[in-house]
Amino acid sequence: MEGSASVRDNTGNGDGGGVFVIGALSDRGIFNMQGSTITNGNNANSFGGGVYVEGDGTFTKTSGTISGSDVALGGRNTATGQGRALYWGNPP
């Protein structure tokens with residue numbers, strides 16, 4: 001994801017409202033973020049309103065913005081569990 005790309009106003013019924021990255025051994029999920037935004041309105045019913053990364057998944061952010069992660073503001077990146085903006089489960 002690069003340039004002026006934006007992830008917003010998405011809902012994940014489980015984890016990862018905006019972006020969901022998972023990897024297991026030889027099947028590794030990779031997500032690179034450069035100069036783009038993950039913002040406002042990404043919601044997950046469990047973990048990671050904006051971004052959810054698990055297992056051997058790789059998330060690299062060299063530039064860009066993950067914002068709107070405060071549930072108290074409403075209408076932002078929200079999760080009923082943990083990780084409103086970013087949740088990294090089982091990091092390597």
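The values are calculated or read from the model by the stated rules, or taken from the named source; none is laboratory data. Worth saying up front: this structure is predicted, and the values here are computed from it rather than measured. Backbone-built Cβ (ideal geometry, glycine too); neighbour counts: all protein chains shown.
Taking the condition of being crowded, with 20+ Cβ neighbours inside 10 Å and in contact with a Phe, Trp or Tyr (Cβ under 8 Å, 6 or more places away or on another chain), how many residues in the range 1-16 meet it?
Selection size over the range 1-16: 3.
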Take the residues of the range 27-64 that are in contact with a Ser or Thr (Cβ under 9 Å, 6 or more places away or on another chain), within 9 Å of Gly17 (Cβ to Cβ) and among the small types (Gly, Ala, Ser): which is surrounded by the most Cβ atoms within 10 Å (Cβ to Cβ)?
-> Gly49
Could you check Ala24 against (1) in contact with a Gly (Cβ under 8 Å, 6 or more places away or on another chain); (2) among the hydrophobic types (A, V, I, L, M, F, W, C); (3) surrounded by 16 or more Cβ atoms within 10 Å (Cβ to Cβ) and say which number it fails?
-> (3)
Identify, from the list Ser46, Ser69, the residue that is part of a loop (DSSP other than H, G, I, E, B), closer than 21 Å to Gly14 by Cβ and modelled with pLDDT of 60 or more.
-> Ser46
